Amino acid sequence: MNEQNENKISGEALSQLLQWLCDVRATICCEIHSHKAHFNTNILSIDTTELICNRPSVTGVISRIPNSNEINIRFVFRDALYLGQTTYLGVVDNKSEHFKLSLPQFVEKIQRRSFYRVRPTADKPVEIEKLIGISKEALEIVVEDVSEGGMGITISKRLNIHNGHRINRIAFSISKRNLIQCQAVVRFSNHNENNTTKLGLEFINLSKSDKEIIRQYVTTRQREELLNRFYV
């Protein structure tokens, strides 16, 4: 890789990744902030400077994009999410609506997990209401991230909790509305320098309806995170 950040893919590694996307016709999600538009496409061919892409999933969107307009792209490869920036270079021909994008200089690997995790915000909080099976003391617990499969929490005390420890009951609210209750297993435990404890929890016996509530929350926060990464 040419970039110092190990999560930034460039050079030969990027060429191989783009070729794989082309070979399997993987879905590429495109977002145009200036036009508040987004659509899906796939790569038909690659040369030294351009990507030739299939017609967009949204009819007529190409006609509204000026040449040299910046386009943000994202795609999934081996359970990891990748983000990049490219430039619109015009249509190949008007009939097919195939279009050209510049080769991105690099793409950034965001995450590789079974489930996408997001951080709660002040206006969309995730708050622990009850946690049975950790300590009988009243502890301050902060939710660091959440996904369909579990959450990361920080506890305001140094606790000796090992991987595999079972939590009999966890109850938490999402956006101060939905109360979710289930069991959990500790999959990660670590002590921080300030004598707090960081735990990674895997949900157990989560109902389908609660899983759907979490999925909707994660999808909303994921989109906000992606937009903020590019536009803030």
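Scanning region 20-69 for residues that are of a type in the set (Asp, Glu), at pLDDT below 90 and under 18 Å from residue 97 (Cα atoms) yields a single hit, 31. Total residues in region 126-156 satisfying the condition of being of a type outside the set (Gly, Ala, Ser), in a loop (DSSP other than H, G, I, E, B) and exposed (fewer than 13 other Cβ atoms within 10 Å of the Cβ): the figure is 3. Would you be able to say whether some residue in region 68-87 is surrounded by fewer than 13 Cβ atoms within 10 Å (Cβ to Cβ), farther than 17 Å from residue 108 by Cβ and free of Cβ contacts under 8 Å to residues at least 12 places away in the same chain? No: region 68-87 contains no residue that is surrounded by fewer than 13 Cβ atoms within 10 Å (Cβ to Cβ), farther than 17 Å from residue 108 by Cβ and free of Cβ contacts under 8 Å to residues at least 12 places away in the same chain. The set of residues in region 20-59 being closer than 15 Å to residue 74 by Cα and assigned to a helix (DSSP H, G or I) consists of 20, 21, 22, 33.
Criterion applied to 159, 179 was being of a type outside the set (Asp, Glu), in the same structural domain as residue 130 (by TED's automatic domain parsing), closer than 16 Å to residue 132 by Cβ and assigned to a loop (DSSP other than H, G, I, E, B), and the one residue passing it is 159.
Residue 94 satisfies every condition listed in (1) in the same structural domain as residue 20 (by TED's automatic domain parsing); (2) modelled with pLDDT under 85; (3) surrounded by 13 or more Cβ atoms within 10 Å (Cβ to Cβ); (4) not in a strand (DSSP E or B) except (3).
Within the set 123, 210, the sole residue that is surrounded by fewer than 15 Cβ atoms within 10 Å (Cβ to Cβ) and at negative phi turns out to be 123. A count restricted to region 177-195 and to residues that are under 22 Å from residue 217 (Cα atoms) and among the small types (Gly, Ala, Ser) stands at 1.
Just to verify a result, which residue in region 142-158, among those that are out of contact with any Ser or Thr (no Cβ under 7 Å at 6 or more places or on another chain) and without any contact (Cβ under 8 Å) to a residue 40 or more places away in the chain, is nearest to residue 214 (Cα to Cα)? The qualifying residue nearest to residue 214 (Cα to Cα) is 145. With respect to the conditions (1) touching a strand residue (DSSP E or B) at 6+ places or on another chain (Cβ under 7 Å); (2) not in a loop (DSSP other than H, G, I, E, B), residue 12 falls short on a single one, namely (1). Counting residues in region 103-124 that are more than 17 Å from the chain's Cα centre (by Cα), charged (D, E, K, R) and part of a loop (DSSP other than H, G, I, E, B) gives one or more.
The values are calculated or read from the model by the stated rules, or taken from the named source; none is laboratory data. Please read these numbers as outputs of a predicted model, since none were measured by experiment. Please note: Cβ atoms are built from the backbone with ideal geometry, for glycine as well, and neighbour counts cover all protein chains shown.
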